[in-house]
Amino acid sequence: MELTILGLSFLGLLVLGVPVAFAIGLSSVATILYAGLPTAVVFQKMVGGMQVFSFLAIPFFIFAGELMLYGGIADRIVRFANSLVGHVRGGLGMSNVVGCTLFGGVAGSPLADVSAMGSVMIPLMKKEGYHADYAVNVTTHAALVGALMPTSHNIIIFTLATTGIASVSILGLIVACLIPALILTICNLGAAYWVAVRRGYPTRGDFAGWHEVARAFAAALPGLLVILIILGGILSGVFTATESAATAVLWALIVTSLVYRTLTWKDFLKACAKACKTTGVVLLLIGISAAFGYFMALYEVPQKTGALMASVTQEPWLIFLMVNVLLFLLGTFLDMAATILICTPIFLPICVQYGMHPAQFGVMMLINCALGLNTPPVGTTQFVGCAIGGVSVGQVMRTIWPFYGALIVCLMLVTYVPAFSMWLPQLVLK
Amino acid sequence: MDGFTRVCAWLSRLSLVVAVLLLLAVIACVQWQVIGRYVFNDTPTWAEALAMLLVLYMTSLAVAVGVRDAGHIGLESLIVLLPERFRLKLEVLIHLLVGVFGFLMAKAGWLWATMKWNEKKPMLGVPEGADYVPLVVAGALIVLFCAEHIVALLRGIEVEPAWN
Amino acid sequence: TEFRSSDVHNSDDYPTVAAVKHMSDLLKQATGGKHSIKVFNKGALGSEKETIDQTKIGALDFTRVNISPMNAICSKTMVPTMPFLFRSVDHMRKVLDGPVGEEILKDCEQHGFVGLAFYDSGARSIYGKKPVKTLADTKGMKIRVQQSDLWVALVSAMGANATPMPIGEVYTGLKTGLIDAAENNVPSYDGFKHYEAVKFYSRTEHSMAPEMLLMSKVVYDKLTPAEQQAIRKAAKESVAFQRKKWDEQEAKSLAVVKGGGAEIVEVDKATFEKAMGPVYDKFITTPDLKRLVKAVQDTK
Ligand code: NA
Ligand code: NA
């Protein structure tokens, strides 16, 4: 009964047009009132959901992205990207995919990725004549690769969730994710190109030659260095992901105000204000989702689902498919970390029992949960993308199918071809 | 512009200015942590705790500003389909609901803040209840801004964002 | 009633999780099936700090937490956390089963909690990429600690650079060298897979901070005296079960980390013990706390 109230009130409020975060909050309040528990718990979970140190990277990357956008870094990166792939149809979309992948490797979080790259790329793509929905979809999907990159904290979360069920080493999972990350990038490139061709996005003249590429690269280098600083900083142990994000802000400030000298005081204030507002939207949603997750756990939604599934079929490929579909459905509502922590203990034993390697399951789960970041009603990456692009979720959903298609192709390859995830770890980690 | 609107606009602008200052302070905290660890080999233990506390204040103020500027994301599908007079009623209802949430937020924030005022926060020494003060402030601001929106809707005017 | 209890450990068979489930069985028997306890582990209902607060306002019936997050709420809980206070596991068990343990549990009541039992959490030691043998080895070392004043003071007293960090970031931090070491019991060294990142587990055994089982006073006061007694009794009876499980878990984890290439280093503990004066000066400030520390030391 509590779950019915939670689900129906949430959907009702959503359809009315109440902003998503408040719809989640109000339906949580309604549910907790019915259950006879103190409403204060909803707000405690909200505060707890916001107070995660690694989430600080979100406002930082949003801020750094805003500074790069107003301060001319983005223009130079785009000139470089254009010199490289601009002559291909939909070139800016393609370089967006590559840029997001690189940046995802740095941030290890789709949310940080979309915050940083989205803030730069989405407005620029709009300026260059691309539709907002395309710009948002390309960015939000390319950003998902971040969940598979070596710095992904979700990898750590997964290996923790396997404790007591199976032995998956963090390093093993990191290596297992590398090839799937590459496949996902290729799928994303394919989708971006396909849509660009169908919509007839412009090509921008001929390839200007390697000389021009080198010149554009030199101009963009101070900006691109931020990636090196972050990646090098984390890998060498100079700072944590969160600290690297704060350093990115500092670096962006130095480059835009001292190196390029393009950031005006007015632009700086604008960037500050925009970063604060976007952060408010995003962190409220993350915080209040924690309240939602509380009810999911309290009323054992995933556990009940797991038991039901085991009674339906015994066929491995069907089981795997069902696990994927259920993960997808839960991922529409739940935050990535919550899905991993709650679902791993249920689905991992079933999949292992039917012959899947735990690390392969991990990759599959990460991709699936990443997909959930781009599905309404609770899709944090998608929300950030929409907020930056100034479009509604509905507009974006209408043209999202090629991008979902790319993700699903990658997901199926990982689910049914063990070699994609298991070959490299077996080769490297003897 | 009448007095009520002027007060709301001023509060919204103030909130945003404070939020920006807090954001800069949070960045400074995290940077100081890195400097302390390497330059002085003495990690400032308060830095992370302070950053986590300040980010709550920053986010809460930004959330309230977002309510006034209509920055929060929703599915507007149904509203655009409705005839004008229903649309107005629905928009009033939405602001009413958001206002109710703001009220509950302030109330819960008050409960936790008072309950946890005597517990000391590790690393900082400030009351644990300080975590929940921003809920009270932001909740009250949300109620106020929703009221402003409802008044504006009934009078057929738009609420201008305070600072872009 | 089916009461709700929380736990942050992931494994459904973790000693504290299993113990509360065992307590539920005992309670069911004692009340003819009327009452039982459902355990929500994996931190499903929140962090230890959050579930403590939920328990206080009666949103949650029981919570099983480490004693550290209670330090800020109920000062007497600091005593069993103090470094090098217990001479051995047996000494610790004897103290917590005796009048000192009772007094600390009782003290929680004025803050809204019924303290039901202490569970074992073993001894915490330092692990890193370098072995630690004497106090000189920890000098200047970046050691990760929990966000707690007491833990920062403890590690600082070792001459190390105390670095507070959430547990989730510790693995990467150890791997990349952001921190030199962390400190925890063997099952956590195993469970969080930190033995994959750093190989030297040095038995400093600097603290034996136990786990606690707390009940909401709001919920407790609504029960009949007979029911209250049944709960207290079942909780006390689950302690022996938990300790047996704990010893098994520790042996199992020790085998896992050794199998993973970890080396167990013996430590000259006396050099560390002598350095702990400042920690006691800073936290054992009231006559009550001083009396309790003395009582622990006098327990033979
Ligand atoms: Na990360
Ligand atoms: Na989703």
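The values are calculated or read from the model by the stated rules, or taken from the named source; none is laboratory data. Just so we're clear, the structure is a prediction, and the values are computed from it rather than from any experiment. All Cβ positions, glycine included, derive from the backbone under ideal geometry; neighbour counts span all protein chains shown. Surface areas here come from the heavy atoms of the whole protein model, side chains and all, with no ligands, DNA or RNA. Shrake-Rupley method; radii C 1.70, N 1.55, O 1.52, S 1.80 Å.
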For residue B:92, all conditions in the list (1) β-branched (Val, Ile, Thr); (2) within 10 Å of chain A (Cβ to nearest Cβ); (3) open to solvent by less than 40 Å² (accessible area, probe 1.4 Å) hold save one; what is the number of the exception? (2)
Six or more apart or on different chains, Cβ under 7 Å: which pairs go from a residue in segment B:151-164 that's more than 10 Å from every other protein chain (Cβ to nearest Cβ) to one that's modelled with pLDDT under 80 and open to solvent by less than 90 Å² (accessible area, probe 1.4 Å)? Could you list them? B:152/B:159
What tally of residues in segment A:27-48 results from selecting those that are open to solvent by 10 Å² or more (accessible area, probe 1.4 Å) and under 25 Å from residue A:111 (Cα atoms)? 2
Quick check on my filter: what residues within segment B:23-73 are part of a loop (DSSP other than H, G, I, E, B) and modelled with pLDDT of 85 or more? B:69
Can you confirm whether residue A:80 is within 10 Å of chain B (Cβ to nearest Cβ) and either farther than 21 Å from residue B:90 by Cα or in contact with a Phe, Trp or Tyr (Cβ under 6 Å, 6 or more places away or on another chain) (or both)? no
Answer yes if at least one residue in segment C:85-103 is in contact with a strand residue (DSSP E or B) (Cβ under 7 Å, 6 or more places away or on another chain) and open to solvent by 20 Å² or more (accessible area, probe 1.4 Å), and no otherwise. no
Between A:372, A:362, A:405, A:389, which is touching a residue at least 60 places away in the same chain (Cβ under 8 Å), buried (at least 24 other Cβ atoms within 10 Å of the Cβ) and away from ligand 1 (no atom under 16 Å from the Cβ)? A:389
What number of residues within segment C:210-230 are in a loop (DSSP other than H, G, I, E, B) and within 24 Å of the chain's Cα centre (by Cα)? 1
Which of the numbered conditions does residue A:24 fail, given that it passes all the others? Conditions: (1) within 16 Å of ligand 2 (Cβ to nearest atom); (2) open to solvent by 10 Å² or more (accessible area, probe 1.4 Å). (2)
Out of all the residues in segment B:98-140, which are open to solvent by 20 Å² or more (accessible area, probe 1.4 Å), within 24 Å of residue B:68 (Cβ to Cβ) and not small (Gly, Ala, Ser)? B:100, B:103, B:104, B:107, B:110, B:133, B:136, B:137
Just wondering, is there one or more residues in segment B:26-49 that are at the interface with chain A (Cβ under 7 Å from one of its Cβ atoms), in contact with a strand residue (DSSP E or B) (Cβ under 8 Å, 6 or more places away or on another chain) and more than 23 Å from residue B:92 (Cα to Cα)? yes
Just wondering, is there one or more residues in segment C:94-114 that are within 21 Å of residue C:243 (Cα to Cα), within 15 Å of the chain's Cα centre (by Cα) and assigned to a loop (DSSP other than H, G, I, E, B)? no
Reported set for segment A:44-64 where residues are free of Cβ contacts under 8 Å to residues at least 60 places away in the same chain and away from ligand 1 (no atom under 12 Å from the Cβ) is A:44, A:51
Can you name the residue in segment C:1-37 that is among the polar types (S, T, N, Q) and outside any helix (DSSP H, G or I) and, of all such residues, is surrounded by the fewest Cβ atoms within 10 Å (Cβ to Cβ)? C:1
Inspect segment A:119-138 for any residue being assigned to a helix (DSSP H, G or I), at pLDDT 85 or above and within 16 Å of ligand 2 (Cβ to nearest atom) and give the result as yes or no. yes
In segment A:68-90, is there at least one residue being open to solvent by 30 Å² or more (accessible area, probe 1.4 Å), closer than 24 Å to residue A:247 by Cα, at pLDDT 75 or above and within 22 Å of the chain's Cα centre (by Cα)? no
Flag for residue A:220 being surrounded by fewer than 21 Cβ atoms within 10 Å (Cβ to Cβ), away from chain C (no Cβ under 14 Å), touching a residue at least 40 places away in the same chain (Cβ under 8 Å) and over 21 Å from residue B:28 (Cα atoms): yes
Against the condition in contact (Cβ under 8 Å) with a residue 40 or more places away in the chain, within 30 Å of residue C:125 (Cβ to Cβ) and among the hydroxyl-bearing types (Ser, Thr, Tyr), how does residue C:216 come out, does it pass? no
Filtering segment A:375-386 down to residues that are within 16 Å of ligand 1 (Cβ to nearest atom) and either without any contact (Cβ under 8 Å) to a residue 12 or more places away in the chain or open to solvent by less than 10 Å² (accessible area, probe 1.4 Å) (or both) yields A:381, A:384
Scope segment B:1-47; condition open to solvent by 70 Å² or more (accessible area, probe 1.4 Å) and out of contact with any helix residue (DSSP H, G or I) (no Cβ under 8 Å at 6 or more places or on another chain); matching residues: B:6, B:7, B:10, B:13, B:14, B:21, B:38, B:39, B:40, B:46
Mind checking which strands (runs of 3 or more DSSP E) fall wholly inside segment C:115-181 and carry at least 2 residues that are open to solvent by less than 10 Å² (accessible area, probe 1.4 Å) and within 11 Å of another protein chain (Cβ to nearest Cβ)? C:142-145, C:161-164
If a residue must be in contact with a strand residue (DSSP E or B) (Cβ under 9 Å, 6 or more places away or on another chain) and of a type in the set (D, E, K, R), how many such residues does segment B:76-129 contain? 5
First in segment A:237-261 and farther than 14 Å from residue A:66 by Cβ and more than 14 Å from chain C (Cβ to nearest Cβ), second anywhere and in a helix (DSSP H, G or I) and among the basic types (Lys, Arg), Cβ under 8 Å, 6 or more apart: A:260/A:76
Filter segment A:14-46 for residues that are more than 7 Å from chain B (Cβ to nearest Cβ) and either within 22 Å of residue B:70 (Cβ to Cβ) or of a type in the set (Lys, Arg) (or both) and give the result. A:23, A:24, A:27, A:45, A:46
